[in-house]
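*Asks:* The structure follows.
Derivation of every value follows stated rules applied to the coordinates shown; laboratory data play no part. Source: prediction; values computed, not measured. Using ideal geometry, Cβ is built from the backbone for each residue, glycine included, and neighbour counts are taken over all protein chains shown.
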Amino acid sequence: MSGFTPETKEFYDNTGWRLEEGRTVDDLLFGDYERGPLRAALHEERTRRVRDALRLAGSGLKLLEGGCGGNPSLGLLDLCSHYTGVDISTTGLHVAAERLQNAGVPFTLRQADLCRLPFEDGSFDAVYSAHAIYHIADAEAQRAAFRELARVVRPTGVAVFILANPLPLLFPVRLVKRMVAASGPLSRLANRIRPRPPLPFQPMPLGWMRDQLTPFGGVSMGCHALESVWFNQHVSEHRPLGRLLWRLAHAVERRWADRAAVFGNFVQITLHRR
């Protein structure tokens, strides 16, 4: 089974990892609009939660990153004895190799589909996959990707996923949009009148994602990021209202991340492999 569409591969091979004004197109489309101190503190908090989860697998990890693209997670490399990144985009892997070249950690990069990983069962101590699986348009292919990423984790290892919440309760406009997208007739109408997005976006229900992983071990779920991409790119922390909203987001994530999964736009799901 193939996961990502040919159009998705073409986008990242030809456009997504192209540099424009010192930033990749992917970063311009989906990354931070500005990088002030409040966002920096949030980024540090989110990275800490991921690192804490991965440390449950031990130290000196053999780590696999599923869907690394041209942006491998350099902030996790100090946890690794060896880093492996897989992606469908050959261009992304070339960019990743340049970024990893002086990282000081042995690494391997492989072109592969997340639905068919070229590794034996239990090959890795830990797996990390961020913002990849929900770009697979087909639910059965997403199911296969979860199975594959869980399969290659050794017993007592850990897999950490950063994924989109389709129904963020704190964002009613986005919630309604996702409900429309999940409705057959309304979705077809919306697709005819809205601009075509550059990538498929198919976040599955939180309970569905949990169900894909529970056969492999214990699953915990918490908030990764409250804000949406639109919020991230349009609400400035340098204006009074924006500064208040970013401070509130930081407070919620710092104190109640483990209980706030249903409220925000992105979740962290951790599988404790048995």
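*Asks:* Filter region 6-41 down to the residues that are among the hydrophobic types (A, V, I, L, M, F, W, C) and under 16 Å from the mean Cα position of the chain (by Cα) and list them by number. Walk me through how you get there before you give the answer.
*Replies:* To start, the set of residues in region 6-41 that are among the hydrophobic types (A, V, I, L, M, F, W, C) comprises 11, 17, 19, 25, 28-30, 38, 40-41.
If the condition is that a residue be among the hydrophobic types (A, V, I, L, M, F, W, C) and under 16 Å from the mean Cα position of the chain (by Cα), then 29, 30 are the ones that fit.
*Asks:* Taking the criterion of being out of contact with any strand residue (DSSP E or B) (no Cβ under 7 Å at 6 or more places or on another chain), buried (at least 18 other Cβ atoms within 10 Å of the Cβ) and among the aliphatic types (A, V, I, L, M), would at least one residue in region 201-214 satisfy it?
*Replies:* yes
*Asks:* Which residues, taken from region 234-257, are under 30 Å from residue 145 (Cβ atoms) and touching a Leu at 6+ places or on another chain (Cβ under 9 Å)?
*Replies:* Within region 234-257, 249, 252, 253 meet the criteria.
*Asks:* Name the residues in region 88-119 that are part of a helix (DSSP H, G or I) and crowded, with 20+ Cβ neighbours inside 10 Å, would you?
*Replies:* 92, 93, 95, 96, 100
*Asks:* If you don't mind, another one. Take residue 105 and tell me if it is touching a residue at least 24 places away in the same chain (Cβ under 8 Å), farther than 17 Å from residue 200 by Cβ and in contact with a Cys (Cβ under 6 Å, 6 or more places away or on another chain).
*Replies:* Details: touching a residue at least 24 places away in the same chain (Cβ under 8 Å): yes; farther than 17 Å from residue 200 by Cβ: yes; in contact with a Cys (Cβ under 6 Å, 6 or more places away or on another chain): yes.
Yes; evaluated as a whole, the condition is true for this residue.
*Asks:* Contact list please: Cβ distance under 6 Å, first residue in region 109-127 and hydrophobic (A, V, I, L, M, F, W, C), second residue in a loop (DSSP other than H, G, I, E, B) and surrounded by 20 or more Cβ atoms within 10 Å (Cβ to Cβ), pairs at least six apart or on different chains.
*Replies:* Matching pairs, first to second residue: 114/3; 115/3; 117/152; 119/152; 124/152; 126/57.
*Asks:* One residue is enough: does region 8-28 have a residue meeting the conditions closer than 25 Å to residue 118 by Cβ, touching a residue at least 24 places away in the same chain (Cβ under 8 Å) and among the basic types (Lys, Arg)?
*Replies:* Step one: of region 8-28, the residues closer than 25 Å to residue 118 by Cβ are 8-14, 16-17, 26.
Then drop every residue that is not touching a residue at least 24 places away in the same chain (Cβ under 8 Å), which leaves 8-9, 11-14, 16-17, 26.
Filter once more, so that each one left must be among the basic types (Lys, Arg): 9.
Checked region 8-28: at least one residue is closer than 25 Å to residue 118 by Cβ, touching a residue at least 24 places away in the same chain (Cβ under 8 Å) and among the basic types (Lys, Arg).
*Asks:* Based on this model, can you work out whether residue 35 counts as loosely packed, with under 14 Cβ neighbours inside 10 Å, assigned to a helix (DSSP H, G or I), free of Cβ contacts under 8 Å to residues at least 24 places away in the same chain and basic (Lys, Arg)? Working first, answer last.
*Replies:* On the way: loosely packed, with under 14 Cβ neighbours inside 10 Å: yes; assigned to a helix (DSSP H, G or I): no; free of Cβ contacts under 8 Å to residues at least 24 places away in the same chain: yes; basic (Lys, Arg): yes.
Criteria not met by residue 35.
*Asks:* So, in region 41-85, of the ones that are part of a loop (DSSP other than H, G, I, E, B) and of a type outside the set (Gly, Ala, Ser), which residue ends up surrounded by the fewest Cβ atoms within 10 Å (Cβ to Cβ)?
*Replies:* Step one: of region 41-85, the residues part of a loop (DSSP other than H, G, I, E, B) are 56-60, 67-73.
Subsequent filtering for residues that are of a type outside the set (Gly, Ala, Ser) retains 56, 68, 71-72.
Working: 56: 13, 68: 28, 71: 22, 72: 24.
Ranking the candidates gives 56 first.
*Asks:* Pick from region 219-274 the residues that are of a type in the set (Ser, Thr, Tyr) and closer than 29 Å to residue 58 by Cα: which of them is surrounded by the fewest Cβ atoms within 10 Å (Cβ to Cβ)?
*Replies:* Our first condition is that a residue be of a type in the set (Ser, Thr, Tyr); within region 219-274, this holds for 220, 228, 236, 270.
Narrowing further to those that are closer than 29 Å to residue 58 by Cα: 220, 270.
On the way: 220: 13, 270: 21.
Ranking the candidates gives 220 first.
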